[in-house]
Amino acid sequence: MWQIVQKGGYLMYPIALCSIFALGIFLERLWTYIKVRREARELAHRVEPLVAKERLDEAIATCHNSDSPLSEIFLSALRSAGRSRDRIKAVVEETGRREAAPLQRFLGLLGTIATISPLLGLLGTVIGMIRAFNVIATQGMGTPATLGGGISEALVTTAAGMTVAIPVILAHRYLTGRLDQLIIEMEEYSLRLVDLLGE
């Protein structure tokens with residue numbers, strides 16, 4: 001592996017760095033989404049029975065003791081108790097948009113890495129081909145050995161860039177799907193609470 005990196009030239013280092021960053025972002029976001037989903041489910045199962053029994057103070061205390069983004073959405077609904085259902089729903093939707101924004105953190109960076117990696121590989125290709133043509137210009141057609149260095153660098157960086165980009169694109173799509181599913185679940189929990197409070 002180290003020999004391949006050396007053959008690819010200095011552009012292999014930013015490509016390798018992109019792969020490390022992408023892996024870190026994927027694992028961090030995946031863990032975050034699993035954790036948020038579990039906490040949201042647990043919070044909903046604790047708060048809904050309290051609201052159904054009109055024990056709003058206990059429901060508010062339960063939300064304060066939770067780190068879930070859903071707790072802020074629930075708190076906004078509980079503080080609006082007594083108003084019309086449409087008003088409570090509007091407050092919940094506004095808070096939901098605000099709480100959903102941090103969940104998208106790093107997804108843009110992951111998408112950027114997926115875009116940049118093949119471009120770095122392409123840049124390596126161009127630099128490698130320039131070197132190969134410089135050899136031709138100075139030494140004539142030369143031998144395969146003299147041309148091999150530049151062409152090898154061109155091919156290795158292109159392959160490395162695509163090797164990083166393809167799984168990163170898949171990881172980005174997967175995380176985006178997980179996030180969409182998580183937001184839908186949080187909306188369902190929120191609307192159930194709105195229905196309980198708006199009765």
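Values quoted throughout were computed directly from the atomic coordinates according to the rules given, and no laboratory measurement underlies them. Keep in mind it's a predicted model, so treat the numbers as computed, not measured. No Cβ is skipped: glycine too gets one built from the backbone with ideal geometry, and neighbour counts run over all protein chains shown.
Here are some notes:
- Counting only the Cα atoms, the stretch 26-81 fills a convex hull of 59 Å³ per residue.
- Among THR158, SER117, HIS45 - extreme Cα towards positive end, dipole of the stretch 2-197, charges at beta-carbon: THR158
- The alpha-carbon atoms of the stretch 59-120, seen along their principal axes, cover 58, 27, 9 angstrom, with the largest extent given first.
- Just so you know, the Rg over Rh for the chain is 1.31, from Cα atoms, with Rh as the Kirkwood radius.
- Over the residues of the chain, the helix contribution to mean residue ellipticity at 222 nm works out to -30500 deg cm²/dmol, using -39500 (n - 2.57) for each DSSP H run of at least 4.
- Between 0 and 90 degrees, the angle of helix 85-100 with respect to the longest Cα principal axis of the chain falls at about 30 degrees.
- Sparse-neighbourhood loop sites, chymotrypsin sites (Phe, Trp or Tyr not before Pro) in the stretch 6-71 - DSSP loop, at most 16 other Cβ within 10 angstrom: TYR10
- Peptides ranked, highest mean first, by Cβ atoms within 10 Å: ranges 129-135, 168-174: 168-174, 129-135
- Segment THR112..ALA100, full-extension length gain: 2.3 nm, with 0.36 nm per residue of separation and the alpha-carbon distance subtracted.
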